[in-house]
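Beneath this line is the structure, given in structure tokens, with notes to follow.
FYI, it's all coordinate maths here, none of it is from the lab. Computed from a predicted model, the values in this text were never measured in an experiment. Glycine gets a Cβ as well: all are built from the backbone with ideal geometry, and neighbour counts include every protein chain shown.
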Amino acid sequence: MKNNLTILLLLTCGLCFGQSKPNIKVFEIVCDSIYKDRGYKIIQSYFPDGIDTINNNNSVFQLLRTKESKQIILYQDTIYSRTGEIAFRDFNNDGIKDILIQNISDVRSNWTYYLYLIDTISDRIKKIKGFEEIKNPNYLPQYDLVDNYVNSGQDWTSFYKIKGDTIKDYNIVIYDDHTDKGTYDSDYKKAIQTILKNEKTSR
């Protein structure tokens with residue numbers, strides 16, 4: 001815990017010791033309405049000048065819990081976020097909203113996010129590797145799958161599944177030509193059926 005507090009102090013005081021007035025913006029979100037009686041709070045420290053020249057990171061995300069008047073850092077991650085926007089949506093069908101932090105948006109305004117699955121019982125948070133590569137992710141609770149709809153020269157949808165702490169890409173892409181004779185809806189149904197059949201066979 002001392003190490004975590006040291007990191008926090010360094011971040012709030014600036015990573016460059018020669019920097020007398022670090023360019024940092026700090027945002028806090030109290031999560032009482034989302035995670036009732038858990039004492040959760042999110043702190044985002046945004047560094048407009050960047051903090052990681054290798055990965056181009058510019059933000060530090062922290063999930064903290066206040067318990068018995070003590071504040072504990074449950075999780076911390078260094079990321080890149082263009083807007084810093086946070087969303088809360090359940091992505092593993094456990095009835096608990098998970099945390100999504102905006103990563104980037106492309107020229108067509110397709111957004112990507114980092115996904116952190118929340119376990120409020122054990123106060124654990126799990127980052128899903130590769131999730132930030134999915135544009136406009138959408139969770140399908142009835143199938144326990146993730147799909148998307150991407151605006152492009154030719155709009156398209158692909159399909160994924162969260163397995164452990166990583167993303168499985170089914171490498172199925174269907175296209176929407178927005179015509180009356182288009183096959184997008186039927187192709188979508190066929191894709192879901194194929195995935196469910198293959199998942200059942202692989203068990």
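See the values below:
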| quantity | calculated |
| --- | --- |
| Euclidean distance of C-alpha centroids, segment 31-94 and segment 156-203, integer Å | 31 |
| Proximal aspartates and glutamates relative to Lys161, as straight alpha-carbon distance under 18 Å, when same-chain residues fewer than 8 apart are discounted | Asp90, Asp94, Asp98, Glu132, Glu133, Asp144, Asp147, Asp169, Glu199 |
| Amide H contacts of Tyr80 (H built 1.01 Å from N, under 5 Å, at least 5 apart or other chain) | Asn58 |
| Cα-based Rg and Dmax for segment 79-168, where Dmax is the largest Cα-Cα distance (Å) | 13.0, 45 |
| Magnitude of the charge dipole, segment 62-203, Cβ model with Lys/Arg +1 and Asp/Glu -1, debye to 20 | 480 |
| Loop-resident sites, segment 33-82, for trypsin sites (Lys or Arg not before Pro), counting at most 10 other Cβ within 10 Å (DSSP) | Lys36 |
| Nearest-ten-degree value, helix 184-202 long axis tilted from longest Cα axis of the chain | 70 |
| Signed unit charges on C-beta, dipole axis of the chain, positive-most listed residue Tyr40, Ile174, Asn136 | Tyr40 |
| At R0 = 30 Å, FRET efficiency that the Cβ-Cβ distance of Gln154 and Asn56 yields, to 0.05 | 0.55 |
| In segment 97-128, trypsin sites (Lys or Arg not before Pro) in a DSSP loop with at most 10 other beta-carbon atoms within 10 Å | none |
| Largest-first principal axis extents of the Cα set of the chain (Å) | 63, 38, 29 |
